[in-house]
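The values are calculated or read from the model by the stated rules, or taken from the named source; none is laboratory data. All values derive from a computational prediction rather than experimental measurement.
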Amino acid sequence: MYKIYVVEDDKGIVDGITDVLKGWGMDVRAVSDFRYVVEEFRDYEPELVILDITLPYMGGYHWCQEIRKTSSVPIIFISSATDNMNIIMAMNMGADDFIPKPFDQSVLIAKVQALLRRTYEFNQSSFNLQAAGAVLNTNDNTLMYNGVKIELSRNEYRILLTLMQNKNKVVSREKLMEVLWETDSFVDENTLTVNVGRLRKTLEAAGLKDLIRTKFGVGYILEA
């Protein structure tokens, strides 16, 4: 289920966007305090942002720039200011698309779905796995989160890859040891514990705290 963050001050428009996106199986959250758009964005970790230009306190251009400092999440501007200058400004600030108001809901959902598909489904078909806003690139064994590339050790990568492939499922310690050493002939329980601990520290340093949870007596689960 994709998470969509809506930053718009017209309640009627927000309700309309929420209804149509939820109807297509998406999770939607509207901004609750226009002074803390970035803080709410970080807390929610959406896969896409819908952003108006004219807003209370700070405008959409400001918030787009602030989000772009730490994230490459897709951003769609919606606005009645549809002159070429505003459209160009929006794209230059880091937006991925622009929808003029008033708009047909079918146009909105088509653009949202296309952008999500290009950003996430295409990446996954190109050997990327995603969880909690982080993308694991299996081509170079790195993790991308909030626009930052995180280098992983060989064992960190293999553990995280296995957990992401079994997202929201418990992976036994035995399975992880088989993945690390190809066979269970040379297994050391303590070594696995140390490697999982190192991976957790790497993820926490990047802002991904508690991504991996321990199921005592069974194994580990990556809950996304």
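Things to note:
- Per this entry, E66 is not counted among residues that are assigned by TED's automatic domain parsing to the domain that holds K11 and at positive phi.
- Those strands (runs of 3 or more DSSP E) of the range 119-224 in which 3 or more residues are at pLDDT 90 or above and on the phi < 0 side of the Ramachandran plot occupy 170-172, 212-215, 219-222.
- Residue within the range 9-26 that is within 23 Å of Y145 (Cα to Cα) and either modelled with pLDDT under 95 or not assigned by TED's automatic domain parsing to the domain that holds N146 (or both) present: yes
- Where V49 falls short, out of the listed (1) at pLDDT below 95; (2) closer than 24 Å to A134 by Cα: (1)
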